[in-house]
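Below is one structure, written out as structure tokens; comments come after it.
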Amino acid sequence: MDNALTLLFQTGVMFVIAFVGYTLVKTGKISLEGGRTIANILIYVSLPSLIVNGFLVERTPEKIAELGYATLAAALGLVLCIGLSRLVCGKDPIANFAGSFCNPGFFGIALITAILGEGATFYLTPLIAMINMGQWTYGVSLMTGQRGKISAKRVFTAPFMVAILVGLFFFFTGLPMPRLAAAVLKQCGNLNTPLAMFSVGIYLSQCDLKKMFARPVLYRISLARLIVIPAAVLLVMTLLRFIPEDIRLTMLIALATPVGSNIAVYAQLYDGDYAYSVQAVVISTLLSIVTMPLFVMAAGALW
């Protein structure tokens, strides 16, 4: 119950930050072009910094084992997300992208650290990496309809992949990050949650709320993203008791987060339905304030 209440409080904080972003747009303090700039800061600076920070821990046999467990749990979780999203959402490319890829970097970090502490970011790193890789490949193929045409060069030069390689280098070599660089990475990583929630507020400001709430397909996406997938993840993580509980809870919270904000970025980049993708982000984010604490409570009862 304590974990659920903590998560509920932190979610409320994040929604207030989103409302600030919404207000700034409505009062003309942030333009839509400014919103795109914030998205670029998130993708090219803040999230990569967060990923590298996650690897800056002492390399011990226990940490290596935990990284292995987290990677296994993340892979299983992402397979569930993609498969169940296709099952619930059919062939709709935006709906499939929205159901498949949640928001652990932008939305989940603050919730997970509030419950488990900053060290839990390490457990989340493989999932963030896999989701970003999946968006850059499978996600782009959904948006463009061009399966199998994503180049390896594009994947391995993407900001998140560069960050993963840098993080793995420091983790496995044990070399210390220069003090100045470490301080800069930490500060840039700290920008992630507020800027991400500003982005949600900016997206919200662009929606016709009356039309959005009357659009049935958005509830189907939310059903997949917020109920079907977390329920399946809860079941799988309950069965995998050899994985430490903190890692299982990290994955459950992360995979129960709403539609990833990146869908709107990819829709812009690849001429997808931007308005539809924004609506999927907004409505799932609004509904997640109810669904996420329920799954955390369920985990507390089962585990």
If you take just the helices (runs of 4 or more DSSP H) that sit entirely in the stretch 46-121, which of them hold at least 2 residues that are free of Cβ contacts under 8 Å to residues at least 12 places away in the same chain and surrounded by fewer than 16 Cβ atoms within 10 Å (Cβ to Cβ)?
61-89
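When you check Ala267 against the structure, is it assigned to a helix (DSSP H, G or I), of a type in the set (Gly, Ala, Ser), at pLDDT below 85 and under 22 Å from Met130 (Cα atoms), yes or no? Give the derivation first.
Numbers: assigned to a helix (DSSP H, G or I): yes; of a type in the set (Gly, Ala, Ser): yes; at pLDDT below 85: yes; under 22 Å from Met130 (Cα atoms): yes.
The answer is yes for Ala267.
Between Leu249, Leu302, which is buried (at least 17 other Cβ atoms within 10 Å of the Cβ), touching a helix residue (DSSP H, G or I) at 6+ places or on another chain (Cβ under 7 Å) and of a type in the set (A, V, I, L, M, F, W, C)? Spell out how you get there, then give the answer.
Values: Leu302 fails: buried (at least 17 other Cβ atoms within 10 Å of the Cβ).
Selected residue: Leu249, the only one of Leu249, Leu302 that is buried (at least 17 other Cβ atoms within 10 Å of the Cβ), touching a helix residue (DSSP H, G or I) at 6+ places or on another chain (Cβ under 7 Å) and of a type in the set (A, V, I, L, M, F, W, C).
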One residue is enough: does the stretch 172-184 have a residue meeting the conditions aromatic (Phe, Trp, Tyr), touching a residue at least 12 places away in the same chain (Cβ under 8 Å) and surrounded by fewer than 14 Cβ atoms within 10 Å (Cβ to Cβ)?
yes
Any residue at all in the stretch 29-39 that is more than 18 Å from Val265 (Cβ to Cβ), part of a helix (DSSP H, G or I) and acidic (Asp, Glu)?
no
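Of all the residues that make up the stretch 191-245, how many are assigned to a helix (DSSP H, G or I) and at pLDDT 90 or above? Please lay out each step first, then the result.
Narrowing the stretch 191-245 to residues assigned to a helix (DSSP H, G or I): 192-205, 209-213, 216-239, 245.
Those left that are additionally at pLDDT 90 or above: 216-239, 245.
Total meeting the criteria: 25.
Do we have any residue at all in the stretch 273-285 that's surrounded by fewer than 19 Cβ atoms within 10 Å (Cβ to Cβ) and assigned to a helix (DSSP H, G or I)? Show your work before the answer.
So the first thing to find is which residues in the stretch 273-285 are surrounded by fewer than 19 Cβ atoms within 10 Å (Cβ to Cβ), and the list is 273-275.
Imposing the further condition that a residue be assigned to a helix (DSSP H, G or I) reduces the set to 274-275.
Scanning the stretch 273-285 turns up at least one residue that is surrounded by fewer than 19 Cβ atoms within 10 Å (Cβ to Cβ) and assigned to a helix (DSSP H, G or I).
Looking at Met297, Met292 in this structure, which one is crowded, with 20+ Cβ neighbours inside 10 Å and over 20 Å from Leu87 (Cα atoms)?
Numbers: Met297 fails: crowded, with 20+ Cβ neighbours inside 10 Å.
One residue alone meets the criteria, Met292.
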Residue that is among the basic types (Lys, Arg) and under 23 Å from Thr137 (Cβ atoms), where the choices are Arg225, Arg241, Arg215, Arg179
Arg225
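Can Val140 be described as touching a helix residue (DSSP H, G or I) at 6+ places or on another chain (Cβ under 8 Å), modelled with pLDDT under 90 and not in a helix (DSSP H, G or I)? Steps first, answer last, please.
On the way: touching a helix residue (DSSP H, G or I) at 6+ places or on another chain (Cβ under 8 Å): yes; modelled with pLDDT under 90: yes; not in a helix (DSSP H, G or I): no.
So Val140 fails the test.
So is Asn3 touching a helix residue (DSSP H, G or I) at 6+ places or on another chain (Cβ under 7 Å), surrounded by fewer than 22 Cβ atoms within 10 Å (Cβ to Cβ) and of a type in the set (S, T, N, Q) or not?
On the way: touching a helix residue (DSSP H, G or I) at 6+ places or on another chain (Cβ under 7 Å): yes; surrounded by fewer than 22 Cβ atoms within 10 Å (Cβ to Cβ): yes; of a type in the set (S, T, N, Q): yes.
It is true that Asn3 is touching a helix residue (DSSP H, G or I) at 6+ places or on another chain (Cβ under 7 Å), surrounded by fewer than 22 Cβ atoms within 10 Å (Cβ to Cβ) and of a type in the set (S, T, N, Q).
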All conditions in (1) of a type in the set (S, T, N, Q); (2) within 27 Å of Gln146 (Cα to Cα); (3) surrounded by fewer than 21 Cβ atoms within 10 Å (Cβ to Cβ) are true of Ser205 except (2)
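The values are calculated or read from the model by the stated rules, or taken from the named source; none is laboratory data. Please read these numbers as outputs of a predicted model, since none were measured by experiment. Note: ideal-geometry Cβ built from the backbone for every residue, glycine included; neighbour counts use all protein chains shown.
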